[in-house]
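Structure first, commentary second.
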Amino acid sequence: MNDTVIVLDNGASTIKAGLANGQEEPPRIIPNAVIQSKGDKMTYFGHEFPRCKDYSSLHYRLPFEKGYLVDWDAQKAVWDGIFSSEVLAINTTESSLLITEPYFNLPNLQEVYDQFVFEEYEFQAYHRCAPASLIPYGTIFSQPGLPSAECVIVVDSGFSYTHVVPLLNGKIMWNAVKRLDVGGKLLTNQLKELVSFRQWNMMDETYIMNDVKESCCYVSQSFKSDLEICRLNSKNNPIVQEYVLPDLSSNRKGRIRQPDDIVAETDQILVMNNERFAVPELIFRLDQSGLSATIALSISLLPKDLQGMFWANIGLIGGNTKFPGFRSRLMSELQSLAPTDCDVVIYGCDDPITEAYRAAVAFASMPGFTNHVVTRAEYAESGSNASRKKFHDWKPRESEKEKPKEAAKAKGKQREDDRSQVPNKPTRTRSRATPGSTTTARRR
C-alpha cells in the first residue's frame, strides 16, 4: 500500500484537508459548499471561494443537510477541487484516505461513502469514523508524566449539532451519546433574524452575519445580569459593540469599530447589544435542556464505578466552543450538577476547529494504521460488508445481532423440551355400567 495518506475532516461547514506525511503542517480549511455570488455572477467550488470579492447575497449549496451528507454532486465538486493540483495535488489511485463521517450515520449513506471512495476515486484503502473517536490520538487530554485517560467525554459543538460523546478505552459508548439540536448554523440564522427585526435586513447576508457572530458574540456568565445592564441603558453600556459592515464598493471587509476608528458617513454601523450573548445562550438554554444537563445525562448512563473519571476528563472541540466564556460557563454549571465527591475538569485546545484533524493525522501516522483500513481488494470481494466488519459503528454488528436471536431460539427450544418431559394428566371419562362390572354408575 502506498505511504501517502490523505486526511479529510469532512465537516458540514468546512473541510480540514491535508496529508499524513510526518510533517506538522497546518491543514487547508476549505468551505464545504458550492457558492454562487450575485454580485459578480460567479460560482465558486470550495477552495475557489477566496477569489470571491463580493460577499453580498451569497447563495450556499451545502452538501450536508441536518447533519447528513445528502447532496453528493456538490460534495464531489468540492472533493475534486481538494484532490486537484490547486490544493493537495495527489493521485487518488495511489493513495489511502482517512475521512470523518457524521455521528449516527445512516447505513445507506455509508454505502455511498464506500462507493465514492473505491469506485469513483479508486483509493487503495480507507478508514471512516466519527470525529470524536480520533480525539484519544490527539493531545487534548495528554498531561506530562501521566498515562492517557481511559474514560473521557468529548463535547463536539459543530455546524449542525452539538454532540456529547463518551469514550472508554478509545471506543465510543454509543448507548450514552447525546445530541443537542444546536449548532453554528442555527446560531447564525438566529442572529440574522434578530438583526433583521431590530436594525438592518440581513436575511440574505449569511456570510457577513456569520463573521459578526464570530467577531462579537460571547457566552455570558450571568445572563440575567447582562440582560438587565442592556435594558437599563441600551446605547451606552459596557456590553454594546459596534460592527462596521463591509464596504462592497472598495472591497473592504467588516470589522469591529475601535474607539479611535474614523467612520465615514457612508459606512453602515450595526449595533450589537444583548444579541452578543443572547445568541450563544441557546447552547445552554434549549427547551430547558441545555448542554450541561445533556452532559450530566450522558454520564448517568455510564457504569457507576467509572462516572467520576468521566467527570474529570471533559474535552471541548468544534467551532462553537471558541466563544469567549464558553469553558468557564460550562464549568460553573457542571460543578452544580456533578456529585459532591467528583471533580469536574474541562480540557480545551489551541484550535478546537482543527483538533480532530490533528488527531486524525497522528492516527494515520501510526504503524498500525494499516490494520484499521479497508483495502480496495477487500471491497471488490465483499462490498460494503468489509466496511461494516472493520469499522466500529453505532449499529451492532451482524454477529452481535445473531447472539440475541440464538439465545432466544435456545430458550424456546428448552421450553419445548421441558414441556415434552411433563407427564400427561389423566383424563376422566364417563362410562356406562355393564352387567358383571364392579363399577357402579353414579346417580345424578
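The values are calculated or read from the model by the stated rules, or taken from the named source; none is laboratory data. No experiment lies behind these values; they were computed from the predicted model shown. Every residue, glycine as well, gets a Cβ built from its backbone with ideal geometry; the counts of neighbours run over all protein chains shown. Calculation scope for accessible area: heavy atoms of the full protein, side chains included, ligands and nucleic acids excluded. Shrake-Rupley method; radii C 1.70, N 1.55, O 1.52, S 1.80 Å.
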Contacts under 8 angstrom Cβ, first residue in the stretch 44-56 being among the basic types (Lys, Arg), partner crowded, with 17+ Cβ neighbours inside 10 Å, 6 or more apart: ARG51/TYR44
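So that you can scan it fast, the table gives a plain yes or no per residue for (1) in contact (Cβ under 8 Å) with a residue 12 or more places away in the chain; (2) surrounded by fewer than 22 Cβ atoms within 10 Å (Cβ to Cβ); (3) farther than 18 Å from ILE135 by Cβ:
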| residue | (1), (2), (3) |
| --- | --- |
| PHE284 | yes, yes, yes |
| LEU291 | yes, no, no |
| LEU297 | yes, yes, yes |
| LEU301 | yes, yes, yes |
| LYS304 | no, yes, yes |
| ILE317 | yes, no, no |
| LYS322 | yes, yes, no |
Scanning for something under 25 Å from the mean Cα position of the chain (by Cα) and of a type in the set (A, V, I, L, M), does the stretch 39-54 turn up at least one residue? no
If I filter the stretch 208-225 down to residues being assigned to a helix (DSSP H, G or I) and open to solvent by 30 Å² or more (accessible area, probe 1.4 Å), which single residue comes out as nearest to ASN320 (Cα to Cα)? GLU214
Quick one: what pairs do we get from the stretch 64-84, first residue within 22 Å of TYR161 (Cα to Cα), second assigned to a helix (DSSP H, G or I) and aromatic (Phe, Trp, Tyr), C-beta under 9 Å, 6+ apart or different chains? LEU69/TYR113; TRP72/PHE116; GLN75/PHE116
Meets criteria (open to solvent by less than 40 Å² (accessible area, probe 1.4 Å), over 16 Å from the mean Cα position of the chain (by Cα) and not acidic (Asp, Glu)) for PHE116: yes
Take the residues of the stretch 6-52 that are among the aliphatic types (A, V, I, L, M) and open to solvent by less than 10 Å² (accessible area, probe 1.4 Å): which is farthest from GLY183 (Cα to Cα)? ILE6
Among the residues in the stretch 235-255, are any of a type in the set (Phe, Trp, Tyr), part of a strand (DSSP E or B) and in contact (Cβ under 8 Å) with a residue 24 or more places away in the chain? yes
Filter result for the condition that a residue is open to solvent by less than 50 Å² (accessible area, probe 1.4 Å), more than 26 Å from the chain's Cα centre (by Cα) and closer than 15 Å to TYR126 by Cβ, over THR93, THR100: THR93
Taking the condition small (Gly, Ala, Ser) and at pLDDT 95 or above, does GLY11 pass? yes
Filter the stretch 335-358 down to the residues that are of a type in the set (A, V, I, L, M) and closer than 14 Å to MET309 by Cα, then identify the one that is most open to solvent (accessible area, probe 1.4 Å). VAL345
Considering residues of the stretch 280-327 that are over 20 Å from the mean Cα position of the chain (by Cα) and charged (D, E, K, R) only, the residue modelled with the lowest pLDDT: ASP287
